[in-house]
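Participant: Have a look at this one before I ask anything.
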Amino acid sequence: MLRTTTNTTREQAFTLIELLVVVGIIGLLISILMPSLGRARDQAKGVHCLARLKEFGNAIASYENVYKDMLPPAEWAPTPEDEEAQYDWDYANLKYGWCELIWEFVYRERVFAPNQPVLDPADNDPADFPIQRNIDGERWEEYFSCKASSYHGVHSGHYRVYLPAWSASSYSINSDGTFGNTLPKPRQSVSRSAIRPKLPLIGDAYEQSARGDGLGDDECSYIDAGEANDAGLAGGGNRFADRHMGGTNYLFQDLHADWSRRLRERLAVDYDLNGIEDVDIVP
């Protein structure tokens, strides 16, 4: 007797429970990978920042070749005798800094009046430190802006020079242990060879800072001794920023760029890194 067997085909499909399990596994993998992807993104921004600081170093080296081994001043304003000042004296009274000088020197693009960027188009007033503050950022292509910064509008500067190094000057100390009146001069241009090798020239800075000395000079292009790690006014401060993995990127005296987690704290107590703790410096 022949037995006939009928093969039936049953369609296979995900059940609701299986689908939820798959979705849960995918969600778990994403939760595991996202922190790693975030760290990789932050590291990429840090590497980009270090490369930008190195570009600043190359620009400084080119500037030095022309100006006899002298750094550009941290703060600068033209005088009527300057070639750049053949325009209204109102413009000549404006402040510029190392950013503006390097940009014009490297890119041969005039920064100063009569092409001076304005802060408020309504009153057409020109602004101090236009490149450092990223006024008309499209024009400067945010060259002096850090990708890791959370603020990319008009700001007080993503990068600032460390004035005690940049001006190669020292503080005088009185007999009672307080600091005297000898302070670094931002308009003093010096040779880089006169700077202590371990000191930073430029570093990450808070983009919305107010100077800790109460002078309200929040558009200044430099960080002074005592301010490197100081919170300053309204919690902002005129200080180096630790926006890269909890540390700060610097360009050093020998024009190499590197990252450090604790250097800004060291500068606050030993401004010239000579191994001797300094008395408190009033910013």
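Values quoted throughout were computed directly from the atomic coordinates according to the rules given, and no laboratory measurement underlies them. Everything quoted here is computed from the prediction, not taken from an experiment. All Cβ positions, even for glycine, are placed from backbone atoms using ideal geometry, and neighbour counts span all protein chains on display.
Participant: Give me, ordered by chain and number, the residues 5 or more places off Asp204 or on other chains with an amide H under 5 Å from its own placed amide H.
Facilitator: Ala241, Asn249
Participant: Among the listed pairs Lys68/Lys185; Lys45/Lys68; Lys54/Lys198; Lys95/Lys185, which are separated by more than 23 Å between their Cα atoms?
Facilitator: Violating the 23 Å limit, Cα to Cα: Lys45/Lys68.
Participant: Starting from the Cα of Gln188, step 7 Å along the direction of its Cβ; do the same at Asp254; then give the gap between the two resulting points in nm.
Facilitator: Distance between the two pseudo-spin positions: 2.6 nm.
Participant: With a 10 Å Cβ neighbour count serving as the proxy for reagent exposure, in which order, fewest first, do Met70, Met34 appear?
Facilitator: Going from least to most buried by this count: Met34, Met70.
Participant: Additional query: State the extension gain, in nm to one decimal, for the chain segment bounded by Arg41 and Arg110, taking 0.36 nm per residue of separation less the distance between their alpha-carbons.
Facilitator: Result for the pair: 21.3 nm of gain on full extension.
Participant: Ranking Leu199, Leu163, Leu273 by Cβ neighbours within 10 Å, fewest first, what do you get?
Facilitator: The fewest-first ordering by Cβ neighbours comes to Leu273, Leu199, Leu163.
Participant: Next up: What is the spin-label model distance, in nm, from Glu141 to Met34 if the labels are put 7 Å beyond Cα along the C-beta direction?
Facilitator: 3.5 nm
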